[in-house]
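The values are calculated or read from the model by the stated rules, or taken from the named source; none is laboratory data. This one's a predicted model, so the numbers in the text were calculated from it and none came from an experiment. Virtual Cβ from ideal backbone geometry, glycine too; neighbours counted across all protein chains shown.
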């Protein structure tokens, strides 16, 4: 075997590989988040980011904290399971204002608005005294459980001897709000 | 030494044991110098032994009743007859299809809570209508319920039976969507809830294709993957997910399954439940009451 004396090529190759490795390490350091892999194969702080989202849909307990009389009115009634938000909106602003008002007496709460026909209305408190509110659950639709109270509006009104024309608030002419009779 | 004295190979025959076993090497092709005879023959001995052991081990796996691995499968979450990795989930979701009235309250609540764009949804409610003539039709409950939606309803006299099936993320223990993410933006949280790291997601959409339940979607507003995460932010504050909070009939039950006193634990202990597409082995945590074969 002839002796290998052209070592310059080996040094060049070694330097090239070292440079590639160095660049790779720098790139990896820049690209991979610091907390990656501390809890699992993901960015650990993402858990906190997602958990920090605000809770928008208020539980009834939030409303009942102030509106105790309504809680008593609804307790044990068939519509206890209907959420406040279904007829009054998410009322996020209302709750935030009320919390501020509890500490600062100068803060006044505006009255509830008229329902604009959109259940998605996010911020405002509203009162949807509209038959759509009732019928979104109670209109007789194929597929409902047999024991659920179903209403066919035309038949129901005829039974009750109601007169035409129908107003949008027709349900509330007989049925109460919070104390809705069955 | 004769290879066929070994009990394992006696069942295989000469062909399986390789050409050398029949003594063919002595006739030609193995022309080695006498000086190297010893090392050459020991190498041949080694090859013979190695081949024998390998084939013998392989033949063992063909025998009935003998498996290479551990055949004691761990129990799936919540019992049942599933298979796969053992898991001790913290949270569970129970859907009672016999209670759903198709009001769509859960849909609105979810959209608002999670800022889901119009036309997309993290959860939906399917209605299965079995007609008396044998047809089965499936449609989606409108977000405001069927009332005044203008949709033509099936005539009640034509319908044999009908029911609503809410769908949401199954939070699979062995989640296919999690496995395909190339940038680790799919997170299986320590609580067992599948999340999307929207900061890391590059919007490639692999996870959308990987989910066998069609739960994931590309959010039109953000351009990255989005999915039901059981309202992780609410759950971390000990609140119920928005859809559960909004349901007026208790068709959606959420809670700690590691707490035997929670409502969901009691329900799971008393009511027979199913999961969707159990044959896929994804081990869903969302369980259903009253699931029929038509629902997939």
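Scanning the range B:248-276 for residues that are more than 17 Å from residue B:169 (Cα to Cα), at the interface with chain A (Cβ under 10 Å from one of its Cβ atoms) and crowded, with 18+ Cβ neighbours inside 10 Å gives B:248, B:249.
So, in the range B:93-141, exactly how many residues are in contact (Cβ under 8 Å) with a residue 12 or more places away in the chain, in a loop (DSSP other than H, G, I, E, B) and more than 16 Å from residue B:296 (Cα to Cα)? Result for the range B:93-141: 17. Somewhere in the range A:90-109, is a residue facing another protein chain (nearest Cβ under 10 Å), buried (at least 16 other Cβ atoms within 10 Å of the Cβ) and not in a helix (DSSP H, G or I)? Yes - at least one qualifying residue is present in the range A:90-109. Within the range A:121-131, the set of residues being part of a loop (DSSP other than H, G, I, E, B) and more than 7 Å from chain B (Cβ to nearest Cβ) comprises A:121, A:123, A:124, A:125, A:128, A:129, A:130. Checking each residue in the range B:178-197 for being touching a residue at least 12 places away in the same chain (Cβ under 8 Å), more than 12 Å from residue B:216 (Cβ to Cβ), within 11 Å of another protein chain (Cβ to nearest Cβ) and touching a strand residue (DSSP E or B) at 6+ places or on another chain (Cβ under 9 Å) picks out B:179, B:184, B:188, B:189, B:191, B:193, B:197. Kindly check whether there is at least one residue in the range B:213-232 that is within 21 Å of residue B:115 (Cβ to Cβ), assigned to a helix (DSSP H, G or I) and at the interface with another protein chain (Cβ under 9 Å from one of its Cβ atoms). Checked the range B:213-232: at least one residue is within 21 Å of residue B:115 (Cβ to Cβ), assigned to a helix (DSSP H, G or I) and at the interface with another protein chain (Cβ under 9 Å from one of its Cβ atoms). Inspection of the range A:132-152 identifies no residue that is more than 13 Å from every other protein chain (Cβ to nearest Cβ) and without any contact (Cβ under 8 Å) to a residue 40 or more places away in the chain. Check whether at least one residue in the range B:133-144 is under 26 Å from residue A:135 (Cβ atoms), touching a helix residue (DSSP H, G or I) at 6+ places or on another chain (Cβ under 9 Å), within 7 Å of chain A (Cβ to nearest Cβ) and surrounded by 16 or more Cβ atoms within 10 Å (Cβ to Cβ), and report yes or no. Yes: the range B:133-144 contains one or more residues that are under 26 Å from residue A:135 (Cβ atoms), touching a helix residue (DSSP H, G or I) at 6+ places or on another chain (Cβ under 9 Å), within 7 Å of chain A (Cβ to nearest Cβ) and surrounded by 16 or more Cβ atoms within 10 Å (Cβ to Cβ). Across the range A:132-166, the qualifying residues are those that are at pLDDT below 85, touching a helix residue (DSSP H, G or I) at 6+ places or on another chain (Cβ under 9 Å) and in a helix (DSSP H, G or I), and the one among them that is surrounded by the most Cβ atoms within 10 Å (Cβ to Cβ) is A:153.
Inspect the range B:276-285 for any residue being in contact (Cβ under 8 Å) with a residue 12 or more places away in the chain, outside any loop (DSSP other than H, G, I, E, B) and touching a strand residue (DSSP E or B) at 6+ places or on another chain (Cβ under 9 Å) and give the result as yes or no. No; the residues of the range B:276-285 include none that is in contact (Cβ under 8 Å) with a residue 12 or more places away in the chain, outside any loop (DSSP other than H, G, I, E, B) and touching a strand residue (DSSP E or B) at 6+ places or on another chain (Cβ under 9 Å). When B:292, B:296 are checked against the criterion of being away from chain A (no Cβ under 14 Å), at pLDDT below 95 and part of a loop (DSSP other than H, G, I, E, B), a single residue qualifies: B:296. The listed residues are B:177, B:207, B:231, B:181, and the only one of them that is buried (at least 22 other Cβ atoms within 10 Å of the Cβ) and within 29 Å of residue B:146 (Cα to Cα) turns out to be B:231. Of all the numbered requirements in (1) in contact (Cβ under 8 Å) with a residue 60 or more places away in the chain; (2) under 28 Å from residue A:34 (Cα atoms); (3) in a loop (DSSP other than H, G, I, E, B); (4) touching a helix residue (DSSP H, G or I) at 6+ places or on another chain (Cβ under 9 Å), residue B:200 misses one, and that requirement is (1). Please tell me if residue B:108 is facing chain A (nearest Cβ under 8 Å) and closer than 26 Å to residue B:226 by Cα. Yes; evaluated as a whole, the condition is true for this residue. For the range B:158-171, the candidate set comprises residues that are at the interface with another protein chain (Cβ under 10 Å from one of its Cβ atoms) and surrounded by fewer than 15 Cβ atoms within 10 Å (Cβ to Cβ); within that set, the residue that is nearest to residue B:282 (Cα to Cα) is B:161.
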